[in-house]
Each structure stands twice: as structure tokens, then as C-alpha cells.
1. Within region 151-232, which strands (runs of 3 or more DSSP E) (wholly inside it) include 1 or more residues that are surrounded by fewer than 15 Cβ atoms within 10 Å (Cβ to Cβ) and either in contact with a strand residue (DSSP E or B) (Cβ under 6 Å, 6 or more places away or on another chain) or at pLDDT 90 or above (or both)?
2. Of the residues in region 101-139, how many are more than 19 Å from the chain's Cα centre (by Cα), charged (D, E, K, R) and part of a loop (DSSP other than H, G, I, E, B)?
3. Can you tell me which residue within region 16-36, out of those that are at pLDDT 95 or above and among the polar types (S, T, N, Q), is farthest from P53 (Cα to Cα)?
4. Across region 106-125, which residue is farthest from L177 (Cα to Cα) among those that are open to solvent by 60 Å² or more (accessible area, probe 1.4 Å) and modelled with pLDDT of 90 or more?
5. Are any residues in region 1-58 open to solvent by 100 Å² or more (accessible area, probe 1.4 Å), within 31 Å of the chain's Cα centre (by Cα) and of a type in the set (K, R), and if so, which ones?
6. Taking the options P178, P187, P156, name whichever one is out of contact with any helix residue (DSSP H, G or I) (no Cβ under 9 Å at 6 or more places or on another chain) and without any contact (Cβ under 8 Å) to a residue 12 or more places away in the chain.
7. Does F3 count as touching a Ser or Thr at 6+ places or on another chain (Cβ under 9 Å) and more than 25 Å from P133 (Cα to Cα)?
8. What pairs can you find where one residue is in region 193-206 and under 22 Å from T171 (Cα atoms) and among the small types (G, A, S), the other is open to solvent by 100 Å² or more (accessible area, probe 1.4 Å) and at pLDDT 95 or above, and their Cβ atoms are less than 7 Å apart, with a gap of 6+ or different chains?
Amino acid sequence: NEFVLDENGDYAGTTPVSGTNNYGHVLPSLNLRYALNTRSNLRLGFSRSLSRPDYYDLVPYRFVNREDEELALGNSDLKATESWNADVLFENYFQSIGVLSAGLFFKRLDNYIYVENRDQVGGSFDGWEVTQPVNGDQADLWGLEVSWNQQFTQLPGWLAGWGVFANYTYTDSEVDLPGRDEEVRFPGQANHSGNAAISYEAFGFQGRIALNYNGSYLDEVGGDADEDIFYK
């Protein structure tokens, strides 16, 4: 629907709005594994993948706020984001239950989706602030990831119930945004993220304490760096 608030901020009306979208994709994938020994592997992967738009972003709604001269729009023309991916991963399985792994990755994204915050030029909403999810052109992401997952079943007695899980990912990125001269970090992507947990499972008891960390990321893209909104 188009939902309108008048110049006093009061409800002024609702009008049905419609839109359509369809797409098709071919997603090849090649994965290779080389066994270094009985417990260690080297894996290589090349693939094409996609990320569909959020359903809410596809709804062609229009929220018109005449009091604040703000316009929020959905976008039924959004394309799914496609990505070429290359991954190299080393993994070592422990003699007890668990695995230690480390890898490098690279992704090239086409039609990535981000939330744009812009000033409308021309038309009946000239000068209004417009917020809308849109497709960008191309973005590159690369980084590394490490992971440790182990149950200490080799320990004696009650100590055998302890386990640990931890992972960390570093991601660097760069993207050219329409209307911006400088390259910026890929919207929605933090440089640093990680998880850590300790667990205990024995004598009919199961418990876990976990910590999650996600660094700051670009949440809404403005007309210039001063108008960008970050989520921390």
C-alpha cells in the first residue's frame, strides 16, 4: 500500500500498490579435497551462489510523510545478489572429537543490495529525503576465517565433559557506490566477527556459555560520507 500522513502528521489515506519480479539463475560448483594424511585435509572450492532480497524489501510499499517531507519505499525491481566464490581451507581433525580449521576466501558480488538514503531531485517530492533498498553494481570481499571445535573426551573423569568452540572471521571489502567518488566498505559487512563458547556435558547435565561479537558496519548509505549511518 501507499500510506500517507498529511502536513500535520495525521493519517490521510491508503492506496493499493502492486509490482512484479522474477529471475532465474545457474549456480555451478566445484569442490576438491586433498587428504594430507588420515586426519588433515586441504579443500578448494569454486562456486556461484545467490542471496535473495528480503521479502519486505521487495514489497512495493510507499510511506509518504508530508509533515517531515520523508518518503520510504520498497523496491519490487530488486535483483538477487549473485556471487562468484573462491575458498581455500585447511582442516585437522583431533584424535578426540573436534576439528581445527583455517581458510582464505574471496567473493565477487554482482547486484548487491543496500539501503540508500538520498535527497529526491525533481518530481512532486523534490527535495524530500528518500530511503529505499536498491541494487549496486559490483563489490569484492576477501578475508580469512579460523575455527576451533573440540570435546576434551581424552581427559580423565569429570574433566572429559568439557568442550570449547571458537571462530573468528576477518573480512575486508571495497565497493563503488553510485554517486560516490570514494570507495567504501561493503554495506552490512563488519571487518571483524567471532563467536566463543565453553560447554559441559556429563552426568545428565548439559550447559553452554557463549559470547558473540560483531564489529561495526555500514547500515544506510547516504549521499556522502557525512550522511552514512553505521551500526555498532
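1. Where strands (runs of 3 or more DSSP E) fall fully within region 151-232 and carry at least 1 residues being surrounded by fewer than 15 Cβ atoms within 10 Å (Cβ to Cβ) and either in contact with a strand residue (DSSP E or B) (Cβ under 6 Å, 6 or more places away or on another chain) or at pLDDT 90 or above (or both), they are 162-175, 192-202, 205-214, 229-231.
2. 1
3. The selected residue is N31.
4. F106
5. Passing the criteria: R33, R52.
6. Only one candidate qualifies: P156.
7. no
8. Listed by first residue and then by second, the contacts come to S193/Y213; G194/Y213; A196/L211; A197/R208; A197/I209.
The values are calculated or read from the model by the stated rules, or taken from the named source; none is laboratory data. What you are looking at is a predicted structure, and each value in this text was computed from that prediction instead of being measured. Positions of Cβ are backbone-derived with ideal geometry, glycine not excepted, and every protein chain shown enters the neighbour counts. Areas reflect the complete protein model, heavy atoms only, side chains present, ligands, DNA and RNA absent. Shrake-Rupley method; radii C 1.70, N 1.55, O 1.52, S 1.80 Å.
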